[in-house]
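Asks: One structure follows; several queries about it will come next.
The values are calculated or read from the model by the stated rules, or taken from the named source; none is laboratory data. Only a predicted model underlies this, so the values are computations on that prediction, with no experimental measurement involved. With ideal geometry, Cβ positions are generated from the backbone for all residues, glycine too; neighbour counts draw on all protein chains shown.
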Amino acid sequence: MGEGISLNKGLVFHEKYLLHDTGDHPERKERLVAIINFLEEGGLLTRLQRMEARKASVNEVILNHPMNYISTVKSFCEGGRGSLDPDTVVSEESYEVALWAVGGVLEAIDRVLEGRCSSVFCAVRPPGHHALRNRAMGFCLFNNVAIGAKYARGKGVERVLIVDWDAHHGNGTQEAFYRDPTVFYFSTHQWPLYPGTGSFQEEGEGPGRGYTLNCPMPPRSGDEDFIRVYDREFLPRAKDFSPGLILISAGYDGHRMDPLASLKLTTQGFAELTFRISDLSRETHTPVVGVLEGGYNLSALAESVAATIEALP
């Protein structure tokens, strides 16, 4: 291996992710183009293990979504350009691309569980954390992170920690694990904001009570506000949980330059949050997989993804 190549950090990307054609829409292929170009121009791309995605099987998607919903998405996309909900635009290729997005995350999970990487960032689309079991919403078709967590559990991981720092609450991910004590879901998100879920009072039900931690943030919250929540609220709980895998729903629409939210995080702020997750990873000997969610200012998105990758373990 050449000097400077990091054997313990990986990147998932596939050209197929660019085929999900949303037209004039915030969640567009240029997001991934900007990320890859920035990583290449900054020299970071050559220091990562590059791994191509694979296509997830329907049986893997069924881990979180019933067959009738999967079939509905497939048939709708086959009809060409349309909207599954007011925000979620698809094209003829979108169903296949969504399977490749899920597969990219599963490939990353396999790599870290096999010890071939300590962390992987998945530059995938369409995003996933709003996708409910039976409903596409918020630009999302299949819930990449929820499927990934259930896949890891099936691989023998006893406890999975999901950290969601997207500006919008990951209602689909919360739904998937609301009664599940083996998956701890933590979210910081702007409040109030779409989709309107994620209050402090939402903390799980039944055996899952206490394994959902929502920390809604008022508009204009910035780096110091988020760091304070991570240090005081999240990290003590996460250490007690002792995860075997950490998944990050890595959305960057909380950046101060993003057009879809009113938070004031900076690129360095995302790095600081990642450093805290990396410290937790090292302390608990737990691998990390980051999965792209939102982020719609192209320069802020690309810079923040690079900062996240640099700060991963």
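Asks: Which members of region 86-108 meet the condition of being hydrophobic (A, V, I, L, M, F, W, C) and within 23 Å of Leu301 (Cβ to Cβ)? First the steps, then the outcome.
Replies: So the first thing to find is which residues in region 86-108 are hydrophobic (A, V, I, L, M, F, W, C), and the list is 89-90, 97-102, 105-106, 108.
Those that are hydrophobic (A, V, I, L, M, F, W, C) and within 23 Å of Leu301 (Cβ to Cβ): Val89, Val90, Val97, Ala98, Trp100, Ala101, Val102, Val105, Ala108.
Asks: Write out, first by first residue and then by second, each pair whose Cβ atoms fall under 6 Å of each other, whose residues are 6+ apart or on separate chains, and whose first residue, in region 203-228, is part of a loop (DSSP other than H, G, I, E, B) and at pLDDT 95 or above while the second is of a type in the set (Lys, Arg) and surrounded by fewer than 16 Cβ atoms within 10 Å (Cβ to Cβ).
Replies: Short answer, once both residue conditions are applied: Glu205/Arg179.
Asks: So, in region 284-307, exactly how many residues are surrounded by fewer than 24 Cβ atoms within 10 Å (Cβ to Cβ), out of contact with any Leu (no Cβ under 8 Å at 6 or more places or on another chain) and of a type outside the set (D, E, K, R)? Please lay out each step first, then the result.
Replies: Residues of region 284-307 surrounded by fewer than 24 Cβ atoms within 10 Å (Cβ to Cβ): 284-286, 296-300, 303, 306-307.
From what's left, out of contact with any Leu (no Cβ under 8 Å at 6 or more places or on another chain): 284-285, 297-300, 303, 307.
If we keep only those that are of a type outside the set (D, E, K, R) as well, we get 284-285, 297-300, 307.
Of the residues in that region, 7 qualify.
Asks: A follow-up question, please. Of the residues that sit in region 142-157 and are out of contact with any strand residue (DSSP E or B) (no Cβ under 7 Å at 6 or more places or on another chain) and not in a helix (DSSP H, G or I), which one is surrounded by the most Cβ atoms within 10 Å (Cβ to Cβ)?
Replies: The residue in question is Asn143.
Asks: So, one more: Hey, can you tell me all the residues within region 281-295 that are touching a helix residue (DSSP H, G or I) at 6+ places or on another chain (Cβ under 7 Å), in a loop (DSSP other than H, G, I, E, B) and within 25 Å of Thr88 (Cα to Cα)?
Replies: Passing the criteria: only Gly295.
Asks: Looking at (1) closer than 15 Å to Leu312 by Cβ; (2) crowded, with 21+ Cβ neighbours inside 10 Å, which is the only condition Phe275 fails?
Replies: Condition (2) is where Phe275 drops out.
Asks: Right, here's the next one. Please determine, by comparing only the residues of region 238-264 that are surrounded by fewer than 24 Cβ atoms within 10 Å (Cβ to Cβ) and among the polar types (S, T, N, Q), which one is nearest to His129 (Cα to Cα).
Replies: Ser262
Asks: Consider only pairs whose beta carbons are under 8 Å apart and that are at least six residues apart or on different chains; among these, list those whose first residue lies in region 286-309 and is more than 19 Å from Ile109 (Cα to Cα) and whose second residue is surrounded by fewer than 23 Cβ atoms within 10 Å (Cβ to Cβ) and of a type in the set (Lys, Arg).
Replies: Listed by first residue and then by second, the contacts come to Ala300/Arg256.
Asks: Looking at region 78-102, which of the residues that are closer than 12 Å to Phe142 by Cβ and without any contact (Cβ under 8 Å) to a residue 60 or more places away in the chain is surrounded by the most Cβ atoms within 10 Å (Cβ to Cβ)?
Replies: That would be Val102.
Asks: Out of (1) surrounded by 19 or more Cβ atoms within 10 Å (Cβ to Cβ); (2) touching a Phe, Trp or Tyr at 6+ places or on another chain (Cβ under 9 Å), the odd one out for Glu233 is which?
Replies: (1)
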